[in-house]
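Structure, as structure tokens:
Bear in mind these aren't lab numbers, they're just calculated from the coordinates by the rules spelled out. All figures in this text were calculated on a predicted structure; none of them were measured in a lab. Note that we place each Cβ from the backbone using ideal geometry, even for glycine, and neighbour counts take in every protein chain shown.
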Amino acid sequence: MALPQTFKAMVVSETAEKMFPREIRERTIGDLPAGELIIEVKYSSLNYKDALSATGNKGVTRKYPHTPGIDAAGVVADSTTKLFNVGDQVTVTGFDLGMNTSGGFAQYISVPALWAAKLPQGLSLKDSMSHGTAGLTAALCIIRLMASGLTKESGEVLVTGATGGVGSVAVAILAKLGFSVVAATGKAGEQEFLKELGAKAIISRDEANDTSGRPLQKPRWAGVVDTVGGNILATALKTTKYGGLVAACGNAMSAELNVNVFPFILRGVSLLGVDSVEIPMRARQMAWSKLGGEWSIDVGKLTTEVSLAELDPKIDEILKGNIRGRVLVNLAK
Ligand SMILES: NC(=O)c1ccc[n+]([C@@H]2O[C@H](COP(=O)([O-])OP(=O)(O)OC[C@H]3O[C@@H](n4cnc5c(N)ncnc54)[C@H](OP(=O)(O)O)[C@@H]3O)[C@@H](O)[C@H]2O)c1
């Protein structure tokens, strides 16, 4: 496949005043790091971490100029390994993509072959990025909860940050699987959206954020998918039923967790950590195949599609917690 002279990419620079302006620029394949695969990116997506990278968060991206985008789906345009052929459809999520490796907010990426997964059956390139890292993480949380014993008969399952990327996919999958889903949200105007995704009940972010200081609260949840961390995760632990399971994957509220041991030693609650970045390829592929198969949802109905040129304002919105569902980036637009 012929490689282009130039292609479009979002480039974030760092100024002497520590500002991080973003622009869409022409780049060349020679600007990309050496990698076994050159992939023509058809779709990417916006995740919370991309917004951190795009605004100069050095915990995510150390060096600028940089192209963010932790997700990419496209077609192999050049391969130096037998693992993939030119023309193969692949997804790349996590590892170092978009962190300190030029990412998916560009029409081409260059990556090690071990970062790429063959497009799972049942998903188009577009569907795979409508899910993106957020959908993959939602699936990994649910896999973890179910592997630890959660069933739809166990009782109510709380999803926090429910209108966000991970949260909205988690609500939709859990509802499809027959769980009784309670969505916690800070967006009073999005009750209809959450009900359409399948939430049985909705609680406010305040209700999910206990500030009484009491070590345990009335038990309610059989399971929790927590995407926000902080005191909402602490509250979720204090309000989980005997033997219940809490999957923690995010920190949109805070990275701190101030909780005592009582949920663990008096109620046998388990806190399950979920990572999508370094998780081994086999587990990643299993989650993708669930998303393309028995856990398939109409991901389009929670997705907004933008071009690379339209992406900029969405980056500021996701940092403010104002995005509903997923933002798909169409690199051909
Ligand atoms: N472990 C992993 O591998 C992994 C993978 C993907 C994402 N993550 C993490 O998971 C989190 C969610 O990611 P995402 O892509 O779904 O982000 P997102 O689309 O921005 O969703 C986050 C949601 O959290 C809620 N929220 C935002 N700010 C909040 C605050 N200050 N206090 C309480 N709730 C708040 C909002 O939902 P409501 O308005 O509905 O409350 C928001 O929509 C992020 O922290 C991200 O870094 C981790």
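Using R0 = 45 Å, the C-beta based FRET efficiency linking Arg214 and Asn100 works out to 0.55. Approximating the spin labels as points 7 Å out from Cα along Cα→Cβ, the Arg25-to-Ser204 distance works out to 4.6 nm. The translational diffusion coefficient of the chain, from Stokes-Einstein at 37 °C and 0.692 mPa s with a Kirkwood hydrodynamic radius over alpha carbon pairs, comes to 163 µm²/s.
With the cut-off at 20 Å, report for region 33-182 the share of all Cα pairs above it, as a whole percent. Counting pairs separated by more than 20 Å, the tail of P(r) holds 52 percent. Convex hull of alpha carbon positions in region 213-328: directionally averaged projected area 9.5 nm². Given in Å, the Rg to one decimal and the Dmax to the nearest whole number for the Cα atoms of region 112-263 are 15.6, 50.
Label point 7 Å out from Lys320 along Cα-to-Cβ: which residues of region 1-45 have amide N under 20 Å? From region 1-45, the list is 20-23. A DSSP coil position with no more than 15 other Cβ atoms inside 10 Å describes the following GluC sites (Glu not before Pro) in region 249-329: Glu256, Glu278, Glu294, Glu310. When its C-alpha radius of gyration is set against 2.2 N^0.38 Å (N residues), region 121-201 gives a value of 1.07. Taking a virtual spin label 7 Å from the Cα of Lys118 along the C-beta vector, which residues in region 53-96 bring their backbone nitrogen under 19 Å of it? Only 73-93 fall inside the zone, counting backbone N under 19 Å. Here the translational diffusion coefficient of region 1-64 follows from Stokes-Einstein with Rh set to the Kirkwood radius across Cα pairs; for 20 °C and 1.002 mPa s it amounts to 158 µm²/s. Between Gly132, Gly30, Gly243, the Gaussian network model of the chain with springs among Cα atoms under 10 angstrom shows the greatest mean-square fluctuation at Gly30. Inverting the pair-averaged 1/r between distinct Cα atoms of region 71-155 gives 14.3 Å as its Kirkwood hydrodynamic radius. Looking only at region 111-154, which residues have a backbone nitrogen under 13 Å from a spot 7 Å from the Cα of Met281 in the C-beta direction? Counting backbone N atoms under 13 Å from the label point, the list is 112-119.
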